[in-house]
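What follows is one structure encoded as structure tokens, with my remarks underneath.
The values are calculated or read from the model by the stated rules, or taken from the named source; none is laboratory data. What you see is a predicted model; the values in this text were computed from it and never measured. All Cβ positions, glycine included, derive from the backbone under ideal geometry; neighbour counts span all protein chains shown.
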Amino acid sequence: MLRRVVLRFARDRKANVAIIFALMMVPTVFLLGMTLDYTLALRKREQLNAAADAAAIAAVRPAMLTQTDTAVVKSTAEAVFAAKANLPGLSAVPTPTVTVTDSGLARTITVSYTAESINNFPGVLGKQTWQVAGSATARASSAPNMNFYLLLDDSPSMALAATQTDIDNMILATKNQPTYAKNCAFACHEAHPNNANPSSTNKDNLTVARANNVTLRIDLVTNAVKQLMVGPWSCPQSGVSGGVMQCMSALNNTTYKAAIYTFDYALNTIQTLTTPTTAGTKIANIQLLTVDHQNCPVLDSKGNCIYTTDYGTDISKGLTNLNAAMPDPGTGTNQSGDTPQEVVFLVTDGVEDKLIPKTGGSCDPNATYALPTANSTTLRCQQPLNTTVCDTIKKRNIRIAILYTEYLQLSDSWYTTRISQFNNPSSSTGTIAKRLQSCASPGLYASVQNGGDISAALTNLFLKVASSTASLVQ
């Protein structure tokens, strides 16, 4: 009888679901509670990680990079973290650990934390809080003290009218000039036009350009330099007067100095290294190369032409002589004994037109021969820049920034037989452009086409050199 009752009970399946449900309630409640508290803890960690990111970035802002007291840097990061880490659901506002590592101009900040997220089911999990931890690392370099050496092309090619409208107006304005200067878009500066003293009927093309308000490329370059050193320029920091250099110096809390040189067949000193404001007072001295008369850039002591051919653009010589005048660069910190970084700003159309010895000298292998002879011992080369001198300068850790005022593609016979092979398929992509881009330091090359905004291009190039940025590493 008893055996039959037991077997019947074992075979009976009624109410099994209730029993199984009762047995599963315990792990189900445990898992749900753990999942909820774990999810809430993860959300808290995301919020705290964001607070750590903000704290690390705050400690490498430009204003903080000038702060040499690490205690001040740490307290700044701690204050930013505390303001953003005061979250509900934590047992306490966590105190971060801030590590400051300086190496020259570079600063690395690491903000790490450990916090306790309060559990909603402490009885289920067997503990009151769930521990979360994280960290953030930011790195930035402070803007260095820098010396800027502006090397500006003042050769006859910079006398080209600045825009197509200016070109058209210049051609119209020169329709009554002598044959060699007639219907010309270039405003060459000749002391004795038509090989005679200037007069009301014997004007050089520069005089014609000025009388007709024709803007030349040299004018755009001059205006660009004014914007850098004189202004006006809208500075985001109030109370700063002057141009871009003064503004960025104030924003970055750095010291900038500037020098101005021009080059044609030689290097010309407009202003040696000084403050941007002082250098700005000499901008009016940036002038086109003056030649005596057609095919006569230089006279001897008796007033006779030394070379009987046009020339006057020796970029290599300008860079070589400037390199000799520049000191070895430092790292640009304010540490005792350190010196500023050195930067060359070259503004040119990229085509050399210079004399070389017939014996022992050579033009670019792609130059078109026969090139004009200057006299019995010299040869005239028209060619893109040879970048050897650029490599010499960059090996000294001097950076080179280049603004290429693109060489205009012309249709006259001189251009098509001597220059066009260096300027194809376009002025932006030909050999002239490629050589200048190779000469420039990485990221410090810009070009502007005829009629483009040279002031904006030169300013943007300067900002690339002068700006410092902060980035999250982790």
Checklist outcome for this item: Over region 146-173, the set of residues in a loop (DSSP other than H, G, I, E, B) and at pLDDT below 90 is A162, T163
Checklist entry - Out of (1) free of Cβ contacts under 8 Å to residues at least 24 places away in the same chain; (2) acidic (D, E); (3) closer than 22 Å to L151 by Cα, what's the single condition that is false for D412? => result (3)
Item to check | Of residues in region 253-283 being in a helix (DSSP H, G or I) and not aliphatic (A, V, I, L, M), the one surrounded by the most Cβ atoms within 10 Å (Cβ to Cβ) | outcome: G280
Next on the checklist: If I filter region 355-366 for residues that are more than 23 Å from the chain's Cα centre (by Cα), surrounded by fewer than 17 Cβ atoms within 10 Å (Cβ to Cβ), touching a residue at least 60 places away in the same chain (Cβ under 8 Å) and over 16 Å from Y265 (Cα atoms), do I get at least one hit?
Outcome noted: yes
Item to check | Hits in region 341-377 - residues which are over 26 Å from G452 (Cβ atoms), modelled with pLDDT of 80 or more and either touching a helix residue (DSSP H, G or I) at 6+ places or on another chain (Cβ under 7 Å) or not aliphatic (A, V, I, L, M) (or both) | outcome: Q341, E342, K354, P357, C363, D364, P365, N366
Item to check | Matching residues in region 278-295 - criterion: being in contact (Cβ under 8 Å) with a residue 24 or more places away in the chain and over 37 Å from the mean Cα position of the chain (by Cα) | outcome: D292, H293, Q294
Item to check | Pairs, first closer than 10 Å to L267 by Cα and modelled with pLDDT of 90 or more in region 299-328, second assigned to a loop (DSSP other than H, G, I, E, B) and of a type in the set (A, V, I, L, M, F, W, C), C-beta under 6 Å, six or more apart | outcome: I315/L385
Next on the checklist: Please verify whether A250 is within 20 Å of the chain's Cα centre (by Cα), in a strand (DSSP E or B) and under 24 Å from L105 (Cβ atoms), treating the condition exactly as stated.
Outcome noted: no
Checklist entry - Before we move on, is S238 more than 20 Å from the chain's Cα centre (by Cα), polar (S, T, N, Q) and farther than 30 Å from Q177 by Cβ? => result yes
Next on the checklist: Of the residues S135, S117, only one is of a type in the set (S, T, Y), under 30 Å from S103 (Cβ atoms) and in a strand (DSSP E or B); which?
Outcome noted: S135
Checklist entry - Among the strands (runs of 3 or more DSSP E) confined wholly to region 375-450, which include 3 or more residues that are surrounded by 14 or more Cβ atoms within 10 Å (Cβ to Cβ) and of a type outside the set (A, V, I, L, M)? => result 378-384, 399-405
Checklist entry - Which one of the conditions (1) more than 15 Å from L228 (Cα to Cα); (2) of a type in the set (V, I, T); (3) touching an Asp or Glu at 6+ places or on another chain (Cβ under 8 Å) does I270 fail to meet, given that it meets all the rest? => result (3)
Checklist entry - Has region 325-335 got any residue that is more than 22 Å from the chain's Cα centre (by Cα), surrounded by fewer than 20 Cβ atoms within 10 Å (Cβ to Cβ) and not in a loop (DSSP other than H, G, I, E, B)? => result yes
Checklist outcome for this item: Only one of (1) modelled with pLDDT under 85; (2) within 33 Å of the chain's Cα centre (by Cα) does not apply to Y180, and that is (2)
Checklist outcome for this item: Restricting attention to region 424-469, the residues that are closer than 28 Å to L410 by Cβ and among the basic types (K, R) number exactly 2
Checklist outcome for this item: Among the residues of region 336-349, the number that are assigned to a loop (DSSP other than H, G, I, E, B) and within 16 Å of T262 (Cβ to Cβ) is 1
